[in-house]
Amino acid sequence: MNWRKSAYLSYASLRGYRFPTILSACLREYERSVNRETVTRALRQLLQHCGSAVPHYAELFEETGVRRIEEADPRACLQRLPILTKEIIRTNFSRLQSKDLPRRKWHLNTSGGSTGEPVRLVQDAEYDDRSAAIGLFYNSLLGCEVGQPVVRLWGSERDLEGGTKSRKARFFNWLTNTSWMNAFLMSPERMLGFIQTLNQLRPRLIVAYAQAAYELAQFAERERVSVAPQRAVLTSAGTLYPFMRGKIASVFGCEVYNLYGSREVSDIACELPGLNGLWVAPWGNFVEIVDDAGRPVPPGTEGNIVVTCLTNYAMPLLRYWIGDRGSLLPDDTVAGHPGTQALQHVSGRSVDVFRTRDETLVDGEYFTHLLYFRPWVRKFQVVQKAREHVLFKCVRANGGPARRELDDIAAKARLVMGADCRVDFEFPRDLPPQPSGKYRYTISEL
């Protein structure tokens, strides 16, 4: 064990944090016996707590006939419950809190708010410890142990300031060998400095906003700045499109993995070496895919992602409509871990799915493919303004497009949106990210 890992885990234990113990248990169970029973046990314990200690759920259990949870299949019990939306959380904020909250160490958090007004949440110390352990667990399976050098190319002001500026945070960053690069400040001069840092440190892992890693890779390629081969890149906080993954992998000379999570429920799933899809850590969350009416869909079918957080007993979130779309692999396809879950893919926000006049759903990724391999496109965004109106915003590079290229893009857009669809093009000087630092390639304004 490296001295930083030993010192960090000892310090954390002395301060009363449980994540070192949880991390060790997760690693042992992953190697030996994690399976369907792991998920069943966690779900049953959570449902029993909700039925006895959370007024909102106790009432729902009575209304839906959820009884004798200790004997029933907790998955079947869960699916009897309605979907939990942000509006329900706002309306029932107090009744969603556990009656034993005064005895818990808890704090307030909020959702990211990328689709509207953020929602307040109560999260407790157990949730924090398990979230930290699962994050370190994923890093470990990607070849980065605690204390080995990590570079974080991150952008949220709250995370960045809270993560780097206080005396305690600076101590933790030194102890964990973590360096931070601000994804909100990516001028050419700063990006050149970022690359120099990566070349000097050769970190075990680069943890980055997907868009920020892509922008840095584009800059290095465009400016012909040499990047030493890196060990691994872990992207998050945005959809990792295939063209982004390819560019990052090519420039950084390493594998690129994707992590899916949110403020509301922490890390949900992660790509891991040797496993298909994004593996859902069964100690953290349980995932369902449902249609627009909230009904479960078969494995392999795309739908809306709903998440049950298994770790936050202070304010449990059961079947939480997170706002993203994706699909699950069949449970028996997760090699070595039967009965655990893996997301086949995550396709982005539900507001990134376009709808035709007859309510056919068109994945926004279709439109990103229309702009591949076009040297004049430096950055783009596709917006559905109305059922029969799509707007392509393109920041130009290397001159402008030929008319025939625009006609080709428009024709292919109409193939899926309908022959009468209006297709417009705008050419702004830039397309800034959202205030959170995330960037959306496709947006539906319906």
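The values are calculated or read from the model by the stated rules, or taken from the named source; none is laboratory data. Computed from a prediction, not measured in an experiment: that's the story for all the values here. Remember, those area values only see protein heavy atoms, side chains included, never the ligands or the DNA or RNA. Shrake-Rupley method; radii C 1.70, N 1.55, O 1.52, S 1.80 Å.
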Straight-line reach check, residue 5, cutoff 17 Å on alpha carbons, 8 or more apart in-chain or any other chain, hits among aspartates and glutamates -> 129, 145
Too long for a 24 Å Cα-Cα cut-off, among 247/385; 247/393; 105/168, are 247/385
Regression test value, accessible area per residue of the chain, probe 1.4 Å, units Å², expected 45
Excluding residues fewer than 8 positions from residue 99 in its own chain, the aspartates and glutamates with Cα under 15 Å of it are 59, 124
Karplus ³J(HN,Hα) for region 321-334 (6.51 cos²θ - 1.76 cosθ + 1.60, θ = phi - 60°; Hz, whole; x = Gly/Pro) runs 6, 7, x, 10, 10, x, 9, 9, 7, x, 4, 7, 9, 7
The alpha-carbon center of region 261-292 and that of region 165-220 are separated, in whole Å, by 25
Per residue, the convex hull enclosing the Cα atoms of the chain spans a volume in Å³ of 149
Across 5 Å bins beginning at 0, the whole-percent shares of Cα-Cα pair distances in region 292-396 come to 2, 10, 15, 17, 16, 14, 10, 8, 5, 1, 0
Under 5 Å from the placed amide H of residue 281, counting only residues 5+ away or on other chains, we find 270
Residues whose modelled amide H sits under 5 Å from the amide H of residue 232, counting only those 5 or more places away in sequence or on another chain, are 206
Once phi for every residue in region 73-81 is put through the Karplus expression 6.51 cos²θ - 1.76 cosθ + 1.60 (θ = phi - 60°), the whole-Hz ³J(HN,Hα) values, with Gly and Pro written as x, are 6, x, 5, 5, 4, 4, 6, 6, 7
Convex hull around the C-alpha positions of region 1-56: the volume in Å³ per residue is 101
The set of residues whose placed amide H lies less than 5 Å from the amide H of residue 422, leaving out same-chain residues fewer than 5 positions away, is 389, 390
Of the accessible area of the chain, computed with a 1.4 Å probe and all protein chains kept, carbon and sulfur make up a percent value of 50
